[in-house]
1. When only C-alpha pairs under 8 Å and at least 6 residues apart count, what is the relative contact order of the chain, in percent?
2. Roughly how many Å is it from the Cα centre of the stretch 274-302 to that of the stretch 102-117, as a whole number?
3. Please state the Cα pair-distance histogram of the chain with 20 angstrom bins from zero: what percent is in each bin?
4. Send over the per residue convex hull volume for the stretch 1-68, Cα only, as a whole number of Å³.
5. Helix-only mean residue ellipticity at 222 nm, the chain, DSSP H runs n ≥ 4 weighted -39,500 (n - 2.57), per residue, nearest 500. What is it?
6. Once label points are set 7 Å from the Cα along Cα→Cβ at both Leu42 and Asp187, what is their separation, rounded to one decimal in nm?
7. Tell me the angle of helix 82-103 to the major Cα principal axis of the chain, expressed in degrees between 0 and 90 and rounded to the nearest ten.
8. Counting pairwise Cα distances across the stretch 62-198, what percent come out greater than 26 angstrom?
Amino acid sequence: MARFGRMDETAFLATITPSSMRQAMQEAARRDPAVAVLFKLLGPNGSVKWAHTLGVLTVPELGELQPPIPPLSLRRGAPAVPEKYLWRGLTDATMFARLYEDHRSRAVKCPKVLDFACGSGRIARFLLRWRWEVHGCDTDADRVHWCQKNLPEFTAWTNKPAPSLDCPDHSFDYIYCYSVFTHTPEDVTIRWLEELHRVLVPGGLLALTTNGPSWLDSILKQPPLQEEFGLPKQELTELVRQIEEGDCVFRPYPGSPEYGLTFIHPDRVAAEWRSAQLELVGQEHGLAIHESPQDVSIFVAR
Ligand SMILES: C[S@@+](CC[C@H](N)C(=O)[O-])C[C@H]1O[C@@H](n2cnc3c(N)ncnc32)[C@H](O)[C@@H]1O
């Protein structure tokens, strides 16, 4: 049985997979020998992951059991192709569930969780079936409306680009943030960290991702992504040098002075982003199986 940290991946997959989906998997394997062979090759966990991702795109009965996939315009900033959107969503959801289990100091029956900068619910769509009450917010009203319409158990709302959040103090046990502070200037990020601390219960956890050496190294090896991000090799090499020297580099997108690409070494996150209120309890570098691996830092609210 696959175990990682405190979380049992098999139990996680079992919980997020309703019996109707298991039944649809069995029927698909009975009907199509190629699916039966695939399940043998992938093994039990791999088959379930396939069903949640590629399966929902190829087997209509599986597709009917999942929320729809947002239109392309609402997938920007996340993997655009549906296969990768779902696969990375499941992978990142598993990662945030594991990080919570690895770092929590107490047991909470049904943790109240905030997906800060939830986008179109790429990660939350999987975690809604986990043992959590999942809320989400994002500045992009179109993505939030899509979530409200298509993910009925997800409480999603639109927030303003600058703090604060319209929530009482100590509202959440866990907040995860995937690839939002990879886009904001450091002073804005620090203000958000103070606000996220306010809405966390004492002892609550915050996990956030950043772009650092792993991301830059990976883009250096992939010329098509250099073009996509507008970062030629020479600039990437210079960015590596700058962040190795301790800078946090923010490159605004044209016409948006407070939104762009942010690069930071995890050591600087450890030194500058923690505070008396947010204690750093863990970091994992280049944590992702996909083409642009981000670093993750985990804080506990004091
Ligand atoms: C790269 S996307 C990631 C979306 C989502 N976390 C995911 O992984 O699919 C960045 C998201 O951050 C949102 N965002 C940017 N600034 C924000 C802010 N100050 N508060 C909340 N969301 C913000 C954007 O609208 C966008 O949906």
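1. In percent, rounded to a whole number, it is 14.
2. 15
3. 32, 58, 9
4. Taking only Cα atoms, the stretch 1-68 has a hull volume of 86 Å³ per residue.
5. On the way: 11 runs with 120 residues, N = 302.
So the calculated ellipticity at 222 nm is -12000 deg cm²/dmol.
6. Using points 7 Å along Cα→Cβ, the separation is 4.9 nm.
7. Orientation of helix 82-103: about 70 degrees from the principal axis.
8. Looking at the stretch 62-198, the distances longer than 26 Å represent 20 percent of pairs.
FYI, it's all coordinate maths here, none of it is from the lab. Because the structure is predicted, anything quoted here is derived from the model rather than measured. Every residue, glycine as well, gets a Cβ built from its backbone with ideal geometry; the counts of neighbours run over all protein chains shown.
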